[in-house]
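Enquirer: Could you have a look at this structure, given as structure tokens, before my questions?
The values are calculated or read from the model by the stated rules, or taken from the named source; none is laboratory data. Please read these numbers as outputs of a predicted model, since none were measured by experiment. With ideal geometry, Cβ positions are generated from the backbone for all residues, glycine too; neighbour counts draw on all protein chains shown. Just the protein is used for accessible areas: all its heavy atoms, side chains included, with ligands, DNA and RNA removed. Shrake-Rupley method; radii C 1.70, N 1.55, O 1.52, S 1.80 Å.
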Number of protein chains: 2
Amino acid sequence: MKSVGRHLVLELWECSNLNSPEVVERALLDIVDALDLTLLSLKVHPFSPIGVTGVAIVSESHVVIHTWPELGYAAVDVFTCGDERNPDDAVPVLKEHFTPERIQIMEMNRGLVAV
Amino acid sequence: MKSVGRHLVLELWECSNLNSPEVVERALLDIVDALDLTLLSLKVHPFSPIGVTGVAIVSESHVVIHTWPELGYAAVDVFTCGDERNPDDAVPVLKEHFTPERIQIMEMNRGLVAV
């Protein structure tokens, strides 16, 4: 079997820094660096009264962070295509910036075909 | 149990229009309309030689379309928060624009907590 990419779905709980657009942006940029991705566009939207969404579109697919500070929760997706990139490398970056007490991770192989 | 949002993961196979940035943009805008989402930013990146990535960031989370025309395949994510939005409504829009022969769909409840 061969897939076009790996998609990590991460649930981060009991986090800090969830209401900081600066930390969300820094986390996205550090994931781009850690995975050696090619950044095409970066957008960070703070919400009123709280919450942040950040999206990095990369040549190798996308990285998205949505935060719910009132729940201590962040929903993160790291989707990379190509064999050279390892989305697992996003985990230490997320730990560093959001210091979650718990992380749940699921991995999906996207575009899976028999060869 | 209560979740912050519903995340549909869609695998579209044997599609048409996969190399058209215009169709990807139209599909994103029509999904935003169909689900009554609030658009914050829209980006569509065509790739060389082929392939398109389109991302709609919405107040209610995100919609992403990545296409691999050489495989007839598109990876689509529709993540909506709030009870009023139904991500299922994206499916007829995707069918209309990309006419897939097969669609695989998985749904994840994100940010699930016991109440």
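Enquirer: Taking the Cα centre of the stretch B:54-101 as the origin, how large is its charge dipole in debye, to the nearest 20, when only Lys and Arg (+1) and Asp and Glu (-1) carry charge on their Cβ atoms?
Expert: Details: 2 positive and 9 negative charges, 27 e Å.
In total the dipole reaches around 120 debye.
Enquirer: Excluding residues on the same chain fewer than 8 positions from B:LYS95, give the aspartates and glutamates whose Cα lies under 14 Å from its Cα.
Expert: B:GLU11, B:GLU14, B:ASP30
Enquirer: Another question about this same structure. Just tell me which aspartates and glutamates come within less than 14 Å, Cα to Cα, of A:LYS43; anything on the same chain fewer than 8 places away is out.
Expert: A:LYS43 reaches A:GLU22, A:GLU25.
Enquirer: What percent of all Cα-Cα pairs in chain B falls into each 10 Å bin, going from 0 up to the bin containing the maximum distance?
Expert: Once binned at 10 Å, the Cα pair distances of chain B give 15, 48, 29, 7, 1.
Enquirer: Using the eigenvalues of the Cα gyration tensor, what equivalent ellipsoid semi-axes result for the protein assembly as shown when each is taken as the square root of five times the eigenvalue, whole Å, largest first? Don't jump to the answer; show the numbers that get you there.
Expert: On the way: eigenvalues 137, 79, 53 Å².
Sorted largest first and rounded, they come to 26, 20, 16 Å.
Enquirer: Of A:VAL115, A:VAL78, A:LEU35, whose Cα points farthest to the positive end of the dipole of chain A (charges on the beta-carbon: +1 Lys, Arg; -1 Asp, Glu; origin at the Cα centre)?
Expert: A:VAL115
Enquirer: For B:SER48, tell me the accessible area in Å² from a 1.4 Å probe, rounded to the nearest 10.
Expert: Around 120 Å² of this residue is reachable by solvent.
Enquirer: Can you give the net charge of the other residues whose Cβ lies under 13 Å from the Cβ of B:ASN109, counting K and R as +1 and D and E as -1? Display every interim value, and only then the final one.
Expert: Numbers: positive: B:LYS2, B:ARG6, B:ARG110; negative: A:GLU11, B:ASP83, B:GLU107.
With Lys, Arg at +1 and Asp, Glu at -1, the neighbours total 0.
Enquirer: Report the charge-dipole magnitude of chain A in Debye, nearest 20, computed about the Cα centre from +1 at each Lys and Arg Cβ and -1 at each Asp and Glu Cβ.
Expert: Values: 8 positive and 17 negative charges, 67 e Å.
The calculation lands at about 320 debye.
Enquirer: Leaving ligands and nucleic acids out of the surface, order A:TRP13, A:TRP68 by accessible area at 1.4 Å, largest first. Could you put the intermediate results ahead of the total?
Expert: Numbers: A:TRP13 15, A:TRP68 35 Å².
Sorted by accessible area, descending: A:TRP68, A:TRP13.
Enquirer: Which whole-percent values make up P(r) of the stretch B:29-76 when all C-alpha to C-alpha distances are grouped in 5 Å steps starting at zero?
Expert: Result returned by the calculation: 6, 20, 28, 19, 15, 9, 3.
Enquirer: Can I ask one more? Of B:SER16, B:SER41, B:SER61, which is the most mobile in a GNM of chain B whose springs link Cα atoms less than 10 angstrom apart?
Expert: Maximum among the listed residues: B:SER41.
Enquirer: Kindly identify the stretch B:55-100 as rounded, prolate or oblate by the Cα gyration tensor criterion: order the square roots of the eigenvalues as a ≥ b ≥ c, call it rounded if a/c is under 1.5, otherwise compare a/b with b/c, prolate if a/b is larger, else oblate. All intermediate terms of the calculation are to be shown ahead of the outcome.
Expert: Values: a/c = 3.35, a/b = 1.77, b/c = 1.89.
Because a/c hits 1.5 or more and a/b fails to exceed b/c, the stretch B:55-100 counts as oblate.
Enquirer: Specify the angular offset, from 0 to 90 degrees and rounded to the nearest 10, of the alpha carbon long axis of helix A:21-34 from the longest principal axis of the alpha carbons in chain A.
Expert: Once rounded, one gets 20 degrees.
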